[in-house]
Amino acid sequence: MKKLLFTIALITVAFTTNAQTMEELKAEQAAKKDSIAAIQGRVNALQAQIDALPGWRVGAFGTIGGSISNFNNWYAQGTPNNSSGSIGVSFNGYANLIQEKYFWRNALTANLNWIKLDDKDTDLDDDDFNPTTDVFNLSSLYGRNITNKLAASALLEYRTTLLNNFNDPGYLDVGVGFTWTPVDNLIVVVHPLNYNFVFADNDAIFDSSLGAKIVADYTRQIGAVSFKSNLSMFQSYKSSDLSNWTWTNSFGYTLWKMIGVGFDFGLRSNKQEALNYALGNFDPLSGDDEPSFGNVDNDLQTYWTLGLSYKF
(Lines give C-alpha, C1' and ligand atoms only; values in the text may rest on other atoms or scores of the structure.)
Protein backbone atom coordinates (compact mmCIF):
# COMPACT_ATOMS: atom_id res chain seq x y z
CA MET A 1 0.00 0.00 0.00
CA LYS A 2 2.84 2.35 0.89
CA LYS A 3 4.51 1.60 -2.47
CA LEU A 4 1.28 2.37 -4.32
CA LEU A 5 0.84 5.67 -2.49
CA PHE A 6 4.47 6.55 -3.15
CA THR A 7 4.08 5.80 -6.87
CA ILE A 8 0.93 7.92 -7.11
CA ALA A 9 2.72 10.77 -5.36
CA LEU A 10 5.63 10.59 -7.79
CA ILE A 11 3.30 10.61 -10.79
CA THR A 12 1.40 13.60 -9.38
CA VAL A 13 4.63 15.53 -8.76
CA ALA A 14 5.93 14.69 -12.24
CA PHE A 15 2.65 15.73 -13.89
CA THR A 16 2.52 18.97 -11.90
CA THR A 17 6.16 19.73 -12.74
CA ASN A 18 5.58 18.97 -16.43
CA ALA A 19 2.46 21.18 -16.49
CA GLN A 20 4.40 24.00 -14.85
CA THR A 21 7.24 23.58 -17.29
CA MET A 22 4.83 23.61 -20.26
CA GLU A 23 3.11 26.76 -18.99
CA GLU A 24 6.48 28.42 -18.44
CA LEU A 25 7.62 27.49 -21.98
CA LYS A 26 4.36 28.77 -23.48
CA ALA A 27 4.73 32.02 -21.57
CA GLU A 28 8.31 32.39 -22.77
CA GLN A 29 7.22 31.60 -26.34
CA ALA A 30 4.47 34.25 -26.19
CA ALA A 31 6.97 36.83 -24.99
CA LYS A 32 9.33 36.00 -27.84
CA LYS A 33 6.48 36.22 -30.37
CA ASP A 34 5.63 39.67 -29.04
CA SER A 35 9.29 40.64 -29.42
CA ILE A 36 9.39 39.33 -33.00
CA ALA A 37 6.22 41.29 -33.84
CA ALA A 38 7.73 44.44 -32.38
CA ILE A 39 10.94 43.97 -34.35
CA GLN A 40 8.99 43.31 -37.55
CA GLY A 41 6.98 46.48 -36.92
CA ARG A 42 10.17 48.51 -36.67
CA VAL A 43 11.54 46.85 -39.82
CA ASN A 44 8.31 47.67 -41.69
CA ALA A 45 8.49 51.28 -40.54
CA LEU A 46 12.08 51.57 -41.77
CA GLN A 47 11.12 49.99 -45.09
CA ALA A 48 8.30 52.52 -45.47
CA GLN A 49 10.83 55.34 -44.93
CA ILE A 50 13.13 53.77 -47.52
CA ASP A 51 10.26 53.47 -50.00
CA ALA A 52 9.43 57.14 -49.50
CA LEU A 53 12.92 58.28 -50.49
CA PRO A 54 13.36 59.70 -54.01
CA GLY A 55 14.92 57.45 -56.62
CA TRP A 56 14.33 54.36 -58.72
CA ARG A 57 12.25 51.37 -57.69
CA VAL A 58 12.87 48.33 -59.87
CA GLY A 59 11.35 44.88 -59.52
CA ALA A 60 10.07 41.84 -61.39
CA PHE A 61 8.48 38.44 -60.85
CA GLY A 62 7.20 35.77 -63.18
CA THR A 63 5.59 32.37 -63.59
CA ILE A 64 6.75 29.31 -65.52
CA GLY A 65 4.34 26.43 -66.09
CA GLY A 66 4.83 23.32 -68.19
CA SER A 67 4.11 19.65 -68.71
CA ILE A 68 5.07 16.86 -71.11
CA SER A 69 3.57 13.42 -71.68
CA ASN A 70 4.05 10.40 -73.92
CA PHE A 71 1.63 7.55 -74.68
CA ASN A 72 2.26 4.26 -76.50
CA ASN A 73 -0.55 1.82 -77.29
CA TRP A 74 -2.87 3.48 -74.79
CA TYR A 75 -5.98 2.16 -76.50
CA ALA A 76 -8.51 3.62 -74.06
CA GLN A 77 -8.10 7.03 -75.70
CA GLY A 78 -8.75 8.13 -79.25
CA THR A 79 -5.06 8.79 -80.00
CA PRO A 80 -3.25 5.81 -78.42
CA ASN A 81 0.23 6.85 -79.61
CA ASN A 82 1.05 10.49 -78.96
CA SER A 83 3.37 12.92 -77.28
CA SER A 84 2.09 16.22 -75.94
CA GLY A 85 3.33 19.16 -73.98
CA SER A 86 2.63 22.70 -72.87
CA ILE A 87 4.83 25.61 -71.82
CA GLY A 88 3.63 28.83 -70.22
CA VAL A 89 5.65 31.89 -69.21
CA SER A 90 4.51 35.15 -67.65
CA PHE A 91 6.60 38.17 -66.69
CA ASN A 92 5.80 41.31 -64.71
CA GLY A 93 8.41 44.02 -64.36
CA TYR A 94 8.49 47.66 -63.39
CA ALA A 95 10.95 50.55 -63.19
CA ASN A 96 9.62 53.59 -61.38
CA LEU A 97 11.41 56.89 -60.79
CA ILE A 98 9.87 58.73 -57.83
CA GLN A 99 10.95 62.31 -57.15
CA GLU A 100 9.58 65.07 -54.95
CA LYS A 101 7.95 67.01 -57.78
CA TYR A 102 7.39 64.36 -60.44
CA PHE A 103 7.30 60.62 -61.20
CA TRP A 104 7.93 58.33 -64.15
CA ARG A 105 6.40 54.86 -63.93
CA ASN A 106 7.19 52.12 -66.48
CA ALA A 107 5.71 48.62 -66.57
CA LEU A 108 5.98 45.53 -68.77
CA THR A 109 3.57 42.57 -68.69
CA ALA A 110 3.82 39.49 -70.90
CA ASN A 111 2.04 36.13 -70.80
CA LEU A 112 2.96 33.53 -73.42
CA ASN A 113 1.91 29.90 -73.79
CA TRP A 114 2.70 27.12 -76.28
CA ILE A 115 1.05 23.71 -76.67
CA LYS A 116 1.52 20.67 -78.93
CA LEU A 117 -0.12 17.32 -79.63
CA ASP A 118 1.80 14.94 -81.90
CA ASP A 119 -0.17 11.93 -83.15
CA LYS A 120 2.55 9.36 -83.95
CA ASP A 121 0.20 7.36 -86.20
CA THR A 122 -0.04 10.09 -88.84
CA ASP A 123 2.33 12.47 -90.59
CA LEU A 124 -0.46 14.93 -91.45
CA ASP A 125 -0.77 16.58 -88.05
CA ASP A 126 1.30 19.44 -86.69
CA ASP A 127 3.87 18.23 -84.16
CA ASP A 128 5.26 21.68 -83.31
CA PHE A 129 4.62 23.76 -80.22
CA ASN A 130 1.96 26.29 -81.26
CA PRO A 131 1.21 29.52 -79.40
CA THR A 132 -2.05 29.82 -77.50
CA THR A 133 -1.95 32.53 -74.82
CA ASP A 134 -0.29 35.64 -76.22
CA VAL A 135 -0.37 38.86 -74.18
CA PHE A 136 2.04 41.82 -74.25
CA ASN A 137 1.58 45.20 -72.57
CA LEU A 138 4.06 48.06 -72.19
CA SER A 139 3.22 51.33 -70.48
CA SER A 140 4.95 54.55 -69.48
CA LEU A 141 3.33 57.16 -67.22
CA TYR A 142 4.82 60.58 -66.45
CA GLY A 143 3.33 62.96 -63.91
CA ARG A 144 3.96 66.33 -62.26
CA ASN A 145 2.65 66.52 -58.71
CA ILE A 146 -0.11 69.01 -57.94
CA THR A 147 -0.65 67.65 -54.40
CA ASN A 148 0.65 64.60 -52.54
CA LYS A 149 -2.17 62.51 -54.04
CA LEU A 150 -2.91 64.19 -57.38
CA ALA A 151 -0.73 64.86 -60.43
CA ALA A 152 -1.10 66.09 -64.00
CA SER A 153 0.03 63.20 -66.18
CA ALA A 154 0.68 61.84 -69.65
CA LEU A 155 0.41 58.15 -70.56
CA LEU A 156 1.73 56.01 -73.39
CA GLU A 157 0.49 52.41 -73.46
CA TYR A 158 1.05 49.76 -76.14
CA ARG A 159 -0.76 46.39 -76.32
CA THR A 160 -0.39 43.63 -78.89
CA THR A 161 0.47 39.95 -79.39
CA LEU A 162 4.04 38.73 -79.97
CA LEU A 163 3.79 35.15 -81.21
CA ASN A 164 0.87 35.41 -83.63
CA ASN A 165 -0.23 38.43 -85.68
CA PHE A 166 2.26 40.87 -84.18
CA ASN A 167 0.76 44.37 -84.28
CA ASP A 168 -2.34 42.99 -86.06
CA PRO A 169 -4.06 44.30 -84.11
CA GLY A 170 -1.87 46.56 -82.01
CA TYR A 171 -3.13 49.35 -79.78
CA LEU A 172 -1.27 52.51 -78.85
CA ASP A 173 -2.90 54.88 -76.36
CA VAL A 174 -1.52 58.39 -76.01
CA GLY A 175 -3.27 60.81 -73.68
CA VAL A 176 -3.16 63.42 -70.94
CA GLY A 177 -5.14 64.01 -67.79
CA PHE A 178 -4.67 63.27 -64.10
CA THR A 179 -3.22 60.53 -61.91
CA TRP A 180 -4.54 59.84 -58.42
CA THR A 181 -2.64 57.84 -55.78
CA PRO A 182 -5.12 57.42 -52.90
CA VAL A 183 -2.94 54.84 -51.09
CA ASP A 184 0.53 53.40 -51.50
CA ASN A 185 0.95 51.02 -54.44
CA LEU A 186 -2.38 52.01 -56.05
CA ILE A 187 -2.26 54.18 -59.18
CA VAL A 188 -5.47 55.46 -60.80
CA VAL A 189 -5.12 57.23 -64.17
CA VAL A 190 -8.01 59.25 -65.63
CA HIS A 191 -7.25 60.81 -69.02
CA PRO A 192 -10.29 62.47 -70.66
CA LEU A 193 -8.16 63.34 -73.70
CA ASN A 194 -6.74 60.14 -75.19
CA TYR A 195 -6.24 58.89 -78.74
CA ASN A 196 -6.40 55.17 -79.35
CA PHE A 197 -4.29 54.29 -82.39
CA VAL A 198 -5.21 50.87 -83.78
CA PHE A 199 -2.84 49.06 -86.15
CA ALA A 200 -4.32 46.22 -88.24
CA ASP A 201 -4.44 44.87 -91.77
CA ASN A 202 -8.25 44.97 -91.79
CA ASP A 203 -8.95 48.68 -91.38
CA ALA A 204 -12.63 48.12 -92.23
CA ILE A 205 -13.09 46.68 -88.73
CA PHE A 206 -10.28 48.16 -86.67
CA ASP A 207 -10.51 51.92 -86.39
CA SER A 208 -8.61 54.51 -84.36
CA SER A 209 -10.59 57.05 -82.34
CA LEU A 210 -10.54 59.73 -79.67
CA GLY A 211 -11.82 58.84 -76.21
CA ALA A 212 -11.19 58.57 -72.49
CA LYS A 213 -8.58 56.34 -70.87
CA ILE A 214 -8.82 54.87 -67.37
CA VAL A 215 -6.09 52.74 -65.79
CA ALA A 216 -5.98 51.29 -62.28
CA ASP A 217 -2.83 49.45 -61.18
CA TYR A 218 -2.01 47.87 -57.83
CA THR A 219 1.41 46.27 -57.36
CA ARG A 220 2.66 45.10 -53.98
CA GLN A 221 4.80 42.61 -52.12
CA ILE A 222 3.84 41.39 -48.63
CA GLY A 223 6.38 38.99 -47.22
CA ALA A 224 6.52 35.97 -49.50
CA VAL A 225 3.55 37.13 -51.60
CA SER A 226 3.90 39.28 -54.73
CA PHE A 227 0.90 40.40 -56.73
CA LYS A 228 -0.10 42.81 -59.47
CA SER A 229 -3.54 43.77 -60.73
CA ASN A 230 -4.01 46.05 -63.74
CA LEU A 231 -7.22 47.31 -65.33
CA SER A 232 -6.91 49.25 -68.61
CA MET A 233 -10.06 50.74 -70.18
CA PHE A 234 -10.70 52.85 -73.28
CA GLN A 235 -14.07 54.48 -73.90
CA SER A 236 -14.34 55.77 -77.47
CA TYR A 237 -16.16 59.05 -78.08
CA LYS A 238 -16.83 57.94 -81.68
CA SER A 239 -18.64 54.64 -81.03
CA SER A 240 -19.03 52.15 -78.20
CA ASP A 241 -18.06 49.44 -80.73
CA LEU A 242 -14.51 50.83 -80.60
CA SER A 243 -14.27 50.70 -76.79
CA ASN A 244 -12.34 47.97 -74.99
CA TRP A 245 -10.99 46.91 -71.61
CA THR A 246 -8.42 44.42 -70.28
CA TRP A 247 -7.94 43.24 -66.69
CA THR A 248 -4.81 41.18 -65.86
CA ASN A 249 -3.77 39.72 -62.50
CA SER A 250 -0.56 38.00 -61.36
CA PHE A 251 0.18 36.33 -58.02
CA GLY A 252 3.41 34.77 -56.80
CA TYR A 253 4.11 32.99 -53.51
CA THR A 254 7.73 32.20 -52.61
CA LEU A 255 8.14 28.74 -51.12
CA TRP A 256 11.92 28.35 -51.03
CA LYS A 257 14.53 31.02 -51.70
CA MET A 258 13.41 32.61 -55.01
CA ILE A 259 11.17 29.74 -56.18
CA GLY A 260 7.47 29.50 -55.52
CA VAL A 261 4.02 29.09 -57.04
CA GLY A 262 2.51 31.56 -59.49
CA PHE A 263 -0.99 32.12 -60.83
CA ASP A 264 -2.04 34.50 -63.61
CA PHE A 265 -5.45 35.22 -65.06
CA GLY A 266 -6.86 37.84 -67.39
CA LEU A 267 -10.18 39.11 -68.76
CA ARG A 268 -10.82 41.19 -71.87
CA SER A 269 -13.70 42.66 -73.83
CA ASN A 270 -13.04 43.96 -77.35
CA LYS A 271 -15.81 44.04 -79.96
CA GLN A 272 -13.46 44.79 -82.85
CA GLU A 273 -11.47 41.62 -82.11
CA ALA A 274 -14.69 39.60 -81.75
CA LEU A 275 -15.96 40.78 -85.15
CA ASN A 276 -12.63 40.16 -86.85
CA TYR A 277 -12.58 36.58 -85.49
CA ALA A 278 -16.21 35.95 -86.48
CA LEU A 279 -15.64 37.16 -90.05
CA GLY A 280 -12.51 35.04 -90.36
CA ASN A 281 -14.54 31.92 -89.47
CA PHE A 282 -17.76 32.81 -91.33
CA ASP A 283 -19.12 30.35 -93.89
CA PRO A 284 -21.16 32.17 -96.57
CA LEU A 285 -22.93 28.89 -97.40
CA SER A 286 -24.20 28.42 -93.84
CA GLY A 287 -27.26 30.57 -94.40
CA ASP A 288 -26.48 32.71 -91.36
CA ASP A 289 -26.27 36.47 -91.47
CA GLU A 290 -22.80 37.86 -92.06
CA PRO A 291 -21.28 39.00 -88.76
CA SER A 292 -21.33 42.75 -88.08
CA PHE A 293 -21.01 45.08 -85.13
CA GLY A 294 -24.78 44.85 -84.74
CA ASN A 295 -25.05 41.07 -84.37
CA VAL A 296 -21.64 39.73 -83.32
CA ASP A 297 -21.37 37.93 -79.97
CA ASN A 298 -18.77 39.85 -78.00
CA ASP A 299 -17.98 37.02 -75.59
CA LEU A 300 -15.73 37.66 -72.62
CA GLN A 301 -12.12 36.70 -73.36
CA THR A 302 -10.27 34.88 -70.55
CA TYR A 303 -7.00 33.09 -69.82
CA TRP A 304 -5.17 31.66 -66.80
CA THR A 305 -1.77 30.12 -66.09
CA LEU A 306 -0.66 28.13 -63.03
CA GLY A 307 2.90 26.96 -62.44
CA LEU A 308 6.22 27.53 -60.75
CA SER A 309 7.25 31.13 -60.17
CA TYR A 310 10.63 32.80 -59.89
CA LYS A 311 11.12 36.06 -58.04
CA PHE A 312 13.74 38.29 -59.64
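The values are calculated or read from the model by the stated rules, or taken from the named source; none is laboratory data. Keep in mind that what you see is a predicted model, and the values were worked out from it rather than measured. Every residue, glycine among them, receives a Cβ derived from its backbone with ideal geometry; neighbour counts consider all protein chains shown.
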Scanning segment 204-238 for residues that are loosely packed, with under 15 Cβ neighbours inside 10 Å, modelled with pLDDT under 95 and touching a strand residue (DSSP E or B) at 6+ places or on another chain (Cβ under 7 Å) gives Arg220, Ala224, Val225
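Yes/no matrix, rows are residues, columns are (1) assigned by TED's automatic domain parsing to the domain that holds Asp264; (2) among the acidic types (Asp, Glu); (3) over 22 Å from Phe263 (Cα atoms):
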| residue | (1), (2), (3) |
| --- | --- |
| Asp127 | yes, yes, yes |
| Leu141 | yes, no, yes |
| Ala151 | yes, no, yes |
| Ala154 | yes, no, yes |
| Asn165 | yes, no, yes |
| Gly170 | yes, no, yes |
| Ala224 | yes, no, no |
| Phe227 | yes, no, no |
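Whether any residue in segment 105-112 is more than 17 Å from the chain's Cα centre (by Cα) and surrounded by fewer than 18 Cβ atoms within 10 Å (Cβ to Cβ) is what I want to check.
Scanning segment 105-112 turns up no residue that is more than 17 Å from the chain's Cα centre (by Cα) and surrounded by fewer than 18 Cβ atoms within 10 Å (Cβ to Cβ).
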Within segment 157-215, the count of residues that are in a loop (DSSP other than H, G, I, E, B) and either under 24 Å from Ser90 (Cβ atoms) or touching a residue at least 12 places away in the same chain (Cβ under 8 Å) (or both) comes to 20
Note on segment 266-311: residues within 30 Å of Gln221 (Cα to Cα), part of a strand (DSSP E or B) and at pLDDT 90 or above are Gly266, Leu267, Arg268, Ser269, Gln301, Thr302
Among Val189, Val198, the single one that is surrounded by 17 or more Cβ atoms within 10 Å (Cβ to Cβ), farther than 23 Å from Ile98 by Cβ and not hydroxyl-bearing (Ser, Thr, Tyr) is Val198
Considering residues that are among the hydroxyl-bearing types (Ser, Thr, Tyr) and assigned to a helix (DSSP H, G or I), the number found within segment 227-243 is 1
